[in-house]
Amino acid sequence: MAGNESIYEPLTVETLAMRLGGIVAITDRIGADTTKWRAKEVGDGNLNLVFIVSSDTGSVIVKQALPYVRLVGDSWPLPLKRAFFENHALLRQADRDPGSVPEIYHFDEAQALIVMEFFTPHIILRHSLMAGTKHQGMAAVLGEFCARTLFRGSDLSMVAAARKADVALFADNVALCDITETLIFSDPYFDAERNHHTPQLDTLVAQLRADIDLKVEAQHLKAKFCNNAETLLHGDFHTGSIMVTETETKIIDPEFALYGPMGFDIGMLLGNFWMAYFAQPGHAKSHGERHDYQTWILEVIDEIWRVFSAEFSNLWRHERTGILYERSLFEDQGHALASEQALAHRLRDIWQDTLGFAGVEIIRRTLSLAHIAENDTIENEALRADCEARGLRFGRQLVVNRSRMNSMATVNDLAQIIAAEAKQ
Ligand code: SR1
Ligand code: MG
């Protein structure tokens, strides 16, 4: 049984029932008769083993970290402790935005293993974006999740001692932070060993790597990421970390959790929606077939930002109990308007960071190690390169010109202009 073992051993479909059959948190849900258990390994992410374990009475997810990066193999070792950070992040997210993340049934640190709620019939959002499926209420869930977790994990809300202890706890998530620091902020900007890109992009890639303004701004964003322990971030909030049905949206996989700048999670999220937008022609059955769906994606982006801003503002007005912008300095002095002014300033900073982080996310998902299925599954290389090139041109604009972009309407207009440009 995993709970009694001290030596880490990866699970297999064959050994799982024997090793986990005594864990009450599992048997309570799927029964103690392990001969009735069915285990299937379904991990399609870059790092871990993920099993769906089911019986006639229920199902659970068993997620286990591997001691290396699954995408690359054992030549890239990775600490098992990421399961510990995922467990802690899920507990905090569940507290800050109830119902948004899977419930944890069991955690085994030695085995780097989390047993958690299985969301079914949900699918990974990225697959849904390729299929052209719309989801009611998704944007609101995502905007609220960002506002609640970012606000409630910061000095705007938390007791200072608790937040400082938490910063110290998550500061140890060094290896996963290093992946982000390297793959997102550095590798795309030079010919790094693990990089790869669609060959037709060679000329554009060379231009981007020679683009000094882009490189400097990307490094400013890296400095923001490394130097601003503002709030507990999900840390890898892309459309592969979201599960959906037509009406329900859930957030999974916060193993990259760290204290970082407010705009990072929303930036990564919006960057992935914009990439899905540019990839749509690669999934259309006929010319223009995905126009309506592309419009829907832009509306989702707009709504996520609107809901985020509204909920963040609501929390600012009603839950500002931390050491920043204390009510004793503002509302209690009759300076409620000054509090609104400070809120507007904070939202403006988050807005600009969001655009910048979205831009570097788009660029890294095209030039660095880890790409996105929306582009990778476009078999026609020339068409894939065209979709990716539009994303790259848009991403570059976000990074370099973010301080001159004042509304989501302007940014989505820019996306539409770039999508409509003649093929280059
Ligand atoms: C080596 S891990 C590559 C990427 O996969 C994860 O989902 C993160 O996005 C990471 O950057
Ligand atoms: Mg993941």
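Using bins of 10 Å that start at zero, the share of Cα-Cα pairs per bin across the range 1-159 amounts to 10, 33, 35, 20, 3, 0, in whole %. For the range 330-365 versus the range 122-185, the inter-centroid distance based on Cα atoms is 17 Å.
May I ask you to derive the FRET efficiency for Arg317 and Ser407 from their Cβ-Cβ distance with R0 = 25 Å, giving the value to the nearest 0.05? Efficiency at R0 = 25 Å is approximately 0.65.
The GluC sites (Glu not before Pro) of the range 377-407 that meet both conditions, a loop assignment by DSSP and at most 16 other Cβ atoms within 10 Å of the site Cβ, are Glu379. For the range 56-148, applying the loop criterion from DSSP together with a ceiling of 15 other beta carbons within 10 Å to the GluC sites (Glu not before Pro) yields Glu103, Glu109. Taking 18 Å as the cut-off, the amide N atoms of the range 75-102 that come nearer than this to a point 7 Å along the Cα-to-beta-carbon line of Asp172 belong to 78-92. Any idea how far the Cα center of the range 57-83 sits from the one of the range 3-48, in Å? Cα centres, the range 57-83 to the range 3-48: 14 Å. Over the chain, dividing the summed -39,500 (n - 2.57) contributions of all DSSP H runs of at least 4 residues by the number of residues returns a 222 nm mean residue ellipticity of -16000 deg cm²/dmol. Overall, the accessible surface of the chain at a probe of 1.4 angstrom is composed of carbon and sulfur to the extent of 52 percent. When each of the peptides 312-323, 240-251 is scored by how many other beta carbons lie within 10 Å of its residues on average, the order from highest to lowest is 240-251, 312-323. Taking 0.36 nm per residue of separation and subtracting the current Cα-Cα distance, fully stretching the chain between Lys40 and Glu289 would add 86.1 nm. Taking Cα centre as origin and charging only the Cβ of basic (Lys, Arg, +1) and acidic (Asp, Glu, -1) residues, the dipole magnitude of the chain rounds to 460 debye. Distance between the C-alpha centres of the range 262-316 and the range 408-422: 13 Å, rounded to the whole angstrom. Annotation: Cα Rg of the chain relative to the compact-globule expectation 2.2 N^0.38 Å equals 1.00. Computed from the C-beta positions of Glu103 and Ser186, the FRET efficiency with R₀ = 25 Å rounds to 0.10. Taken per residue, the accessible surface of the chain reaches 41 Å², heavy atoms only and a 1.4 Å probe. Using R0 = 41 Å, the C-beta based FRET efficiency linking Asp56 and Thr377 works out to 0.75. For the range 123-420, the residue among Ala171, Phe330, Gly282 whose Cα projects farthest onto the positive side of the dipole built from Cβ charges is Phe330. The chymotrypsin sites (Phe, Trp or Tyr not before Pro) of the range 110-208 that meet both conditions, a loop assignment by DSSP and at most 14 other Cβ atoms within 10 Å of the site Cβ, are Phe190. Projecting the Cα positions of His196, Leu343, Thr377 onto the charge dipole of the chain (unit charges on Cβ atoms of Lys, Arg, Asp and Glu, taken about the Cα centre) puts Leu343 furthest along the positive direction. Restricting the calculation to Cα atoms, the range 285-424 shows an Rg/Rh of 1.10 when the hydrodynamic-style radius is the Kirkwood one. The 3J(HN,Hα) values that the Karplus relation (6.51, -1.76, 1.60; θ = phi - 60°) gives for the range 385-390 are, in residue order, 4, 5, 4, 5, 5, 5 Hz. Gly and Pro appear as x.
The values are calculated or read from the model by the stated rules, or taken from the named source; none is laboratory data. Quantities reported herein were computed from a predicted structural model and do not represent experimental measurements. Here the Cβ is made from the backbone with ideal geometry for all residues, glycine too, and neighbour counts use every protein chain on show. What goes into the accessible areas is simple: the full protein's heavy atoms, side chains included, and nothing from ligands, DNA or RNA. Shrake-Rupley method; radii C 1.70, N 1.55, O 1.52, S 1.80 Å.
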